[in-house]
1. Where does each of 329-337, 230-238 land if you order them by average Cβ count within 10 Å, highest first?
2. Would you kindly state how much longer the chain becomes between GLN110 and ILE325 on full extension, computed as 0.36 nm times their sequence separation minus their alpha carbon distance, in nm to one decimal?
3. Taking a probe of 1.4 Å, how large is the accessible area per residue of the stretch 125-283, in Å²?
4. For THR355, THR320, THR228, give the ranking by accessible area with the largest first, probe 1.4 Å.
5. Calculate the dipole size of the stretch 61-131 relative to its Cα centre from +1 charges on Lys and Arg beta carbons and -1 charges on Asp and Glu beta carbons; express the result in debye to the nearest 20.
6. Could you order TYR202, TYR258, TYR118, TYR265 so the one with the most accessible surface comes first? Probe is 1.4 Å.
7. R0 = 22 Å: FRET efficiency of PHE239 with ASN308, Cβ-based, nearest 0.05?
8. Can you give me the solvent accessible area of VAL33 with a 1.4 Å probe, rounded to the nearest 10 Å²?
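The values are calculated or read from the model by the stated rules, or taken from the named source; none is laboratory data. As the structure is a computational prediction, the values presented were derived from the model and not from experiment. Glycine also receives a Cβ, built like all others from the backbone with ideal geometry; neighbour counts cover every protein chain displayed. The area values use the complete protein model at the heavy-atom level, side chains included, leaving out ligands, DNA and RNA. Shrake-Rupley method; radii C 1.70, N 1.55, O 1.52, S 1.80 Å.
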Amino acid sequence: KQWYQRRVAITAGGDLKPETTTTRLVVIVLIAVGLAVFASFGPAVIEMFKKSPPYVLDYDDSKSSHVVVCGYINTSTVSNFMRDFLHPENEDHETTAVFLNTIPPPEDLQNLMHRNFYRCQYYQGSPLRAGDLARVKLSTAKACLVIANKHSAEPDAEDAANILRVISIKNYKSDVRVIIQILNYHNEEHLFNVPDWNHQLYGDEVICINELKLGLLGKSCLCPGFSTMIANLIMMSSFHPSNYSKDVRSNWEYEYGYGASNELYTGSLSSDFLDMTFPEVAEICLIKLHILLIGVETNSSSTGILFNPSPHIFRFRQGTQGIFIAQNPTVIKSAALFCFKCHEYAIQSEIVKCTCDKSDSGYTNNRSNSNSTSKPKTQKKKEKSTDCDLR
């Protein structure tokens with residue numbers, strides 16, 4: 001004991017040292033315990049001496065792209081957001097979600113962040129302050145999402161707070177894409193008066209939760225099951241046939257699971273579809289590519305999004321985006337790679353980018369080409385001129 005006290009009191013050594021095996025073992029144990037205690041409390045001590053407290057550092061945007069999420073941030077909203085954000089069918093595996101909130105995260109939210117630290121980060125601050133927006137690198141963000149409290153007792157006050165956040169974000173970076181949730185429909189007009197709010201130019205979107213709920217309820221009265229179908233289309237889910245036994249695969253549960261695994265996607269379309277009508281392209285996509293084309297999104301401000309447009313009012317033009325129902329975003333890439341010359345008899349999995357010269361191929365984007373996708377080359381000319389048989 002005297003030796004240990006002497007060793008603790010002085011640093012330059014001493015004339016006392018353990019002589020017996022027992023005292024030497026005691027010294028070894030004391031040194032090991034001291035190192036263990038220091039190692040356990042070391043990180044906390046280092047945090048105390050840090051210049052910046054937790055969650056107020058700057059985000060490093062040099063490693064990957066990111067989106068900023070602000071508004072009503074708690075464990076429930078973050079968990080719901082991350083469920084779709086980290087879904088395996090989401091092909092964007094490089095983007096990081098940066099959450100910005102005015103208070104430090106509670107313990108359960110900290111645990112959620114630690115489990116997904118490679119794809120999400122939490123920062124303390126307010127979107128109403130330009131300094132905090134600079135810390136999360138809003139100027140280089142792909143988009144900014146403003147989440148609303150769906151259970152707020154004062155929906156108008158909640159909408160007003162979120163609209164102020166949008167104004168602050170647009171004042172800091174006018175061309176950043178903003179997607180905002182609001183509760184009441186009549187508050188949408190305030191967003192349209194926000195400077196630099198532009199859906200066509202920047203892709204700004206407003207989602208009215210109550211309008212969406214009431215719209216689904218009204219459609220469900222006219223078409224029972226409509227709300228369930230839409231909910232399955234907008235929520236990501238996976239389908240694994242191996243999870244179903246052979247007896248169940250003929251039942252409705254198997255078919256429902258397969259249908260629920262489909263989601264809505266937008267994608268580019270092949271240049272071979274130019275000047276074709278929507279029914280013609282939808283027919284080819286269904287028969288040849290096994291994907292369901294239900295609508296289009298055009299660059300024109302007068303048309304915008306069209307579902308099942310009539311041949312008399314719409315033909316495919318350059319830059320037209322297709323709206324598909326498919327199981328994953330990978331399969332819809334075949335619609336952008338399809339070529340009448342190279343993929344006439346190819347199946348969906350065999351469609352890859354081709355380098356053929358379509359100028360002298362004899363294949364033109366007309367009704368006869370869409371008919372020929374399912375007819376052999378040895379057919380007579382009279383049979384080729386018949387009505388489309390891709391039904």
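1. Going from most to least packed, we get 329-337, 230-238.
2. 73.8 nm
3. Counting only protein heavy atoms, the per-residue value for the stretch 125-283 is 55 Å².
4. Numbers: THR355 135, THR320 15, THR228 65 Å².
Ranked list, largest accessible area first: THR355, THR228, THR320.
5. Here the stretch 61-131 has a charge dipole of around 260 debye.
6. TYR118, TYR258, TYR202, TYR265
7. That pair, PHE239 with ASN308, gives E of 0.30.
8. Counting only protein heavy atoms, the figure is 80 Å².
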